[in-house]
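> This is the structure I have questions about; it appears just below.
The values are calculated or read from the model by the stated rules, or taken from the named source; none is laboratory data. No experiment lies behind these values; they were computed from the predicted model shown. Quick reminder, even Gly has a Cβ in these numbers, built from the backbone with ideal geometry, and neighbours come from all protein chains shown.
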Amino acid sequence: MGEMHQVGSAAPGSDARQPETNWAGNLTYRAARLHRPRTVAEVQAIVAGSERVKALGSRHCFNDIADTTADLVSLDALDIGLELEWLDDVATGVAWVPGGMRYGELVVELARQRYALHNLASLPHITVVGATATGTHGSGNRNGSLSTSVVGLEIVRSDGQLVTVTPDHPDFAGAVVHLGALGVVTRIGVRFQPTFSVRNNVYVDLPWDRLLADLDAVADAAYSVSVFTDWREVTQVWVKSRIDELDMAPEEFFGARSATAPTHMLKTSSIENLTEQLGVPGEWHERLPHFRAGFTPSKGEELQSEYFVPRRHARAACDALRSLAGRIAPLLQISEIRTVAADELWLSPAYGGDVLALHFTWLPDEPGVRAVLPQIEDALRPCAPRPHWGKLFSAEADEIESRYPRFDDFRALVRRFDPRGAFRNDYLDRTIGAFR
């Protein structure tokens, strides 16, 4: 069986900085053992022999979604390589990605061969499997979440069997955003396309009234648009345009003026970890993320929450959060507003319609953050919010269920893939309730 050691200890030949906590440091994993299998067969043996087991990715979730009391499985040592499969027109294809690979690694190889993904999250440090399993996204009116690029999953079920799920499988739409409830994904297929170049222009001093009056036009102004705010004022707007769609970025953006120097969304933070701004063209993977792969993402000391609301509720949701600015701002580093295109993946926050994503980067004050989350969720309730599965929220299964038409179907899918509850944990009991 693959290399195994106690969580938090160093095993022979392994990195001494083993995952005792998640990335934010607000969660200590309870697992008795951490496995680093080298083959899929070893993954199968570990899963089949464990009473409770969970896959552990880049640890960038801020809640206990990957926690378990028995066995954690990290796939960063898996002996599977990246494989590119071209489709008939050779301009597009599928990248078959090992379960432990991060976007920062994948994009370099795709870019080297002049290919691209349709979008990226704000940081490239996360694993492809983990990001797509939780509905993580980038931005853009016509851009679906990262999960929408998935065209195949190889999953080790709780009986140790390796199954392949592709779009012609009846459970595919339910299996993509799976929250780790179906098994351990050892390989994932994601679509790629021809490469493209992007410029990022930052604008400041956009009035709230102008943003809300023109929100649809603001979001549609470029390939990817991010609005940063503390809910008292709009602090910045990052406008990422494809070079083949826009020859020149304007000096003015809905009344906001163009920044004349590189600007961090977090005041007093160094700009060295940011991708390049000021309209300098660069390849897709060097501009779509906010942060560079070789640096600590964001500020490195933070918690995160995020809620998705149907686009028709965009103004009401923003007004609700602005009314809470006095409670939110003391705990907040920054908020980001983005758009995500609709999809048909059962547990995707964008299932069934285009959404507005309302993201919160908090100070590392978990008691304070957890105290304000119910107030935020109460204020957003008329807008039918869906929380980001990998971040902090207070809503539980009964309320979450009302937001997802295929929720019961997903519960049934979990029971089919994992009838003995090997992948069950406190998080899934609280948020999905598949075994109750």
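> Within the set of pairs 6+ apart or on separate chains, which have a first residue in the range 269-290 that is on the phi < 0 side of the Ramachandran plot and touching a residue at least 60 places away in the same chain (Cβ under 8 Å), a second that is among the basic types (Lys, Arg) and in a loop (DSSP other than H, G, I, E, B), and C-beta atoms under 7 Å apart?
Thr275/Arg292
> Next up: Could you list, in sequence order, the residues of the range 228-263 that are surrounded by 20 or more Cβ atoms within 10 Å (Cβ to Cβ) and in a loop (DSSP other than H, G, I, E, B)?
Here is the first cut: in the range 228-263, the ones surrounded by 20 or more Cβ atoms within 10 Å (Cβ to Cβ) are 228-229, 231, 234, 236-241, 253, 256.
Matches in the range 228-263: Trp231 only.
> Right, another one. Does Arg338 satisfy the criteria of being touching a residue at least 40 places away in the same chain (Cβ under 8 Å) and either assigned to a strand (DSSP E or B) or within 16 Å of the chain's Cα centre (by Cα) (or both)? Before the answer, list the steps.
Details: touching a residue at least 40 places away in the same chain (Cβ under 8 Å): yes; either assigned to a strand (DSSP E or B) or within 16 Å of the chain's Cα centre (by Cα) (or both): yes.
Considered against the rule, which asks whether it is touching a residue at least 40 places away in the same chain (Cβ under 8 Å) and either assigned to a strand (DSSP E or B) or within 16 Å of the chain's Cα centre (by Cα) (or both), Arg338 comes out as yes.
> Looking only at the range 184-216, which residues are part of a strand (DSSP E or B) and farther than 28 Å from Ser149 by Cα? Let's see the steps before the verdict.
Keep residues of the range 184-216 that are part of a strand (DSSP E or B), which gives 184-194, 197-204.
Matches in the range 184-216: Tyr203, Val204.
Matching residues to (1) farther than 22 Å from Ile188 by Cα; (2) in contact with a strand residue (DSSP E or B) (Cβ under 7 Å, 6 or more places away or on another chain):
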| site | (1), (2) |
| --- | --- |
| Val47 | no, yes |
| Lys54 | no, yes |
| Gly57 | no, yes |
| Ala70 | yes, yes |
| Leu84 | no, yes |
| Val90 | no, no |
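> Looking at the range 396-436, which of the residues that are among the aliphatic types (A, V, I, L, M) and surrounded by fewer than 20 Cβ atoms within 10 Å (Cβ to Cβ) is farthest from Asp159 (Cα to Cα)?
Going residue by residue through the range 396-436, those that are among the aliphatic types (A, V, I, L, M) are 397, 400, 412-414, 422, 428, 432, 434.
If we keep only those that are surrounded by fewer than 20 Cβ atoms within 10 Å (Cβ to Cβ) too, we end up with 397, 412.
On the way: Ala397: 26, Ala412: 17 Å.
It comes out as Ala397.
> In addition: Report every pair of residues separated by at least 6 positions or lying on different chains whose Cβ atoms are under 9 Å apart, first residue within the range 372-383 and at pLDDT below 95, second of a type in the set (Lys, Arg) and in a helix (DSSP H, G or I).
Listed pairs, sorted by first residue: none to list.
> Would you say His313 is touching a Pro at 6+ places or on another chain (Cβ under 8 Å) and modelled with pLDDT under 95? Write out each step before concluding.
Working: touching a Pro at 6+ places or on another chain (Cβ under 8 Å): yes; modelled with pLDDT under 95: no.
Against the criterion (touching a Pro at 6+ places or on another chain (Cβ under 8 Å) and modelled with pLDDT under 95), His313 does not qualify.
> Taking the range 96-124, which residues are at pLDDT below 95, surrounded by fewer than 23 Cβ atoms within 10 Å (Cβ to Cβ) and in contact with a Gly (Cβ under 7 Å, 6 or more places away or on another chain)?
Once the filter is applied, which keeps residues that are at pLDDT below 95, surrounded by fewer than 23 Cβ atoms within 10 Å (Cβ to Cβ) and in contact with a Gly (Cβ under 7 Å, 6 or more places away or on another chain), the range 96-124 yields only Ala121.
> Test each condition in (1) out of contact with any Asp or Glu (no Cβ under 9 Å at 6 or more places or on another chain); (2) closer than 21 Å to Thr431 by Cα; (3) crowded, with 22+ Cβ neighbours inside 10 Å for Pro349 and report the one that comes out false.
Answer for Pro349: the failing condition is (1).
> So Asp408 clears everything in (1) more than 21 Å from the chain's Cα centre (by Cα); (2) farther than 25 Å from Pro170 by Cα except one condition, right? Which one?
(2)
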